[in-house]
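What follows is one structure encoded as structure tokens, with my remarks underneath.
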Amino acid sequence: MGERIYNFSPGPATLPLEVLQQAREDIINFDNSGIGICEISHRSKEFMRVAAEAEELMRELLGIPGNYKVLFLQGGASSQFFMVPMNLLGGGKKATYLNTGTWSKKSIKEAQLFGNIEVAFSSENEKFNRVPTDDEYAVSADSEYLYFVSNNTIFGTQFDPIPQSEKMLVSDMSSDILSRNFDVSKFGLIFAGAQKNMGPSGATTVIIRDDLLDRVPENTPTMLKYKTHADKDSMFNTPPTFSIYIIRNVLKWLKNNGGIAAIEKKNKEKAMLIYDVIDAGDYYRGHALKDSRSMMNIAFNLPTAELEAAFIQEAAAKGLNGLKGHRSIGGCRASIYNAFPHEGVVALSRFMLEFQKNNPA
Ligand SMILES: *Cc1c(COP(=O)(O)O)cnc(C)c1O
């Protein structure tokens, strides 16, 4: 087996090595069942236990109150862009959205198919380099919820603190769920695709307050109602079994390493190693304004596009992979989710200093 390298990919992203090593065993013979994890029935007692543990660990780590359901669905985070308004805005009700990047823009487009959508804030004219403070937008009295993307994966911005509102919050936490503490009880619904901070692609976690399940219009297709999945503990049809299995093991790993409080501290330390290099001069320029900086995705530029291309190429040759920025903003981006090792961030910060010295602007 070749050596593993540091993978700064935004998603699918780095997973804990011990989780992968365990999976290597379980893919052949899971839990002494004589059957591999990808082959075992989702109704078997072995798999039912995995799904139950994944839910319990999620509840424990995030402090999810008893009146919330935890679902594991398919269709990616992008399917939640329409499922949320389809289930919550029956009859064309109003909702408020904060436009802070590509993923919020896409969710606004879908929500407009179902409801009366007010976009209360947009940083699009500033190339999405920041998120708003609470006093920068107003939410209409007849709005059902306030929707925001807690971490903008592409632009490297993050809401910290999380918005405060009298309305229930709805959030796409695909790229920062399980990375920091927050109060679930302020939310009506939270969703997150697994492939950033939880596991492989294939499962999307939805946390929904149970009184919202009945708002869905009758004529909604069965598979697209949260209620269908909530009533059957995500086993209405075949769930994404392998993805749920890895999520369960990632959550175990997280718990064994001190849970959310410990990982939040580690995430800050990792991110600051890179932001410190950015702040030390004007060679590297962070895309996000300081107050809006993400602890998960760090988007930055070098003095020229040529230097950026050389930086990405040289870094890759040194085993620092996946540093190219998203095609919509260019430049560079380092994605350093929970499972990304501290040593890899140290290696990147050293490489940044060395590259700057060898390639003056
Ligand atoms: C990656 C990402 C998505 C899209 O996820 P898919 O599972 O590919 O649909 C949506 N929102 C955010 C914040 C993301 O980072």
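No value in this document is a laboratory result; all are computed from the given coordinates. Please read these numbers as outputs of a predicted model, since none were measured by experiment. Backbone-built Cβ (ideal geometry, glycine too); neighbour counts: all protein chains shown.
Which is the longest part of the chain that has none of the GluC sites (Glu not before Pro) sitting in a DSSP loop with at most 15 other Cβ atoms within 10 Å?
Result for the longest clean stretch: 219-361.
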Original post:
How big is the gap, in Å, between the Cα center of the range 269-298 and the Cα center of the range 50-127?
Top reply: 28
Subject >> Relative contact order of the chain, pairs being alpha-carbon contacts under 8 Å that are 6 or more residues apart, as % >> reply: 23
Subject >> GNM flexibility winner over the chain from ALA23, ALA13, ALA95 (Cα, springs under 10 Å) >> reply: ALA23
Original post:
Of all trypsin sites (Lys or Arg not before Pro) in the range 210-314, which ones are in loop regions per DSSP and have a Cβ with at most 12 other Cβ atoms within 10 Å?
Top reply: LYS232
Original post:
At THR222 and ARG24, where each label point lies 7 Å from the Cα along Cα→Cβ, what is the point-to-point distance in nanometres?
Top reply: 4.2
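Under a Cβ-Cβ cut-off of 12 Å, what is the net charge of the residues other than GLY331 that fall near it, where Lys and Arg count +1 and Asp and Glu count -1?
Neighbourhood net charge equals +4.
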Original post:
Say R0 is 22 Å: what FRET efficiency, to the nearest 0.05, do GLU269 and GLU3 get from their beta-carbon distance?
Top reply: 0.30
Subject >> Per residue convex hull volume, Cα atoms of the range 140-180, in Å³ >> reply: 80
Subject >> Relative pair counts by distance (%), Cα atoms of the range 259-358, 5 Å bins >> reply: 2, 12, 26, 27, 20, 9, 3, 1, 0
Subject >> Solution diffusion estimate, µm²/s, Stokes-Einstein, the range 99-143, Kirkwood Rh from C-alpha pairs, 4 °C, viscosity 1.567 mPa s >> reply: 113
Subject >> Cα-based Kirkwood hydrodynamic radius, the range 1-118, one decimal, Å >> reply: 18.1
Original post:
Where a ≥ b ≥ c are the square roots of the eigenvalues of the C-alpha gyration tensor, would you call the range 299-361 rounded, which needs a/c under 1.5, or, failing that, prolate if a/b is larger than b/c, or oblate?
Top reply: oblate
Subject >> With eigenvalues of the C-alpha gyration tensor scaled by 5 and rooted, the chain, Å >> reply: 33, 28, 16
Original post:
Within the chain, which DSSP H helices have Cα atoms that stretch 27 Å or more along the helix axis and a mean Kyte-Doolittle hydropathy of at least -0.5?
Top reply: 259-279
Original post:
To the nearest 500 deg cm²/dmol, what mean residue ellipticity at 222 nm is calculated for the chain from DSSP H runs of n ≥ 4 alone, each contributing -39,500 (n - 2.57), summed and divided by the residues?
Top reply: -11000 deg cm²/dmol
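Please list, by residue number, every one of the trypsin sites (Lys or Arg not before Pro) in the range 126-199 that is coil in DSSP and has at most 16 other beta-carbon atoms within 10 Å.
Answer in residue order: LYS127.
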**OP:** Please label the shape of the range 60-199 as rounded, prolate or oblate, based on the square roots a ≥ b ≥ c of the eigenvalues of the alpha-carbon gyration tensor (a/c under 1.5 means rounded; beyond that, a/b larger than b/c means prolate, else oblate).
**Re:** rounded
Original post:
Given R₀ = 22 Å, FRET efficiency for VAL184-SER79 by Cβ-Cβ distance, to 0.05?
Top reply: 0.50
Original post:
In debye, nearest 20: dipole of the chain around its Cα centre with unit charges on the Cβ of K, R (+) and D, E (-)?
Top reply: 380
Original post:
Spin-label point model (7 Å from Cα, Cβ direction): what's the ASP135 to ASP279 distance in nm?
Top reply: 2.3
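Around LEU213, what is the net charge, scoring Lys/Arg as +1 and Asp/Glu as -1 over all other residues with Cβ under 15 Å from its Cβ? Intermediate values should be presented prior to the final figure.
Details: positive: LYS69, ARG209, ARG215, LYS225, LYS227, LYS232; negative: GLU144, ASP210, ASP211, ASP214, GLU218, ASP231, ASP233.
Around LEU213, the surrounding residues sum to -1.
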Original post:
Can you work out ³J(HN,Hα) from phi for every residue in the range 326-339, in order, using Karplus 6.51 cos²θ - 1.76 cosθ + 1.60 and θ = phi - 60°, giving whole Hz and x for Gly and Pro?
Top reply: 4, 4, 6, 10, x, x, 10, 8, 10, 9, 10, 6, 2, 7
Original post:
DSSP beta bridges in the chain, what fraction antiparallel, as a percent rounded to 5?
Top reply: 50
Original post:
lysines near LYS127 by alpha-carbon distance under 19 Å, same-chain residues fewer than 8 away left out - which ones?
Top reply: LYS105, LYS106, LYS109, LYS290, LYS324
Original post:
Suppose every K and R has +1 on its Cβ and every D and E has -1 on its Cβ; what is the size of the dipole of the range 1-121 about the Cα centre, in Debye to the nearest 20?
Top reply: 720
Original post:
How much length, in nm to one decimal, is gained on full extension between VAL346 and LYS45, taken as 0.36 nm per residue of separation minus their Cα-Cα distance?
Top reply: 104.0 nm
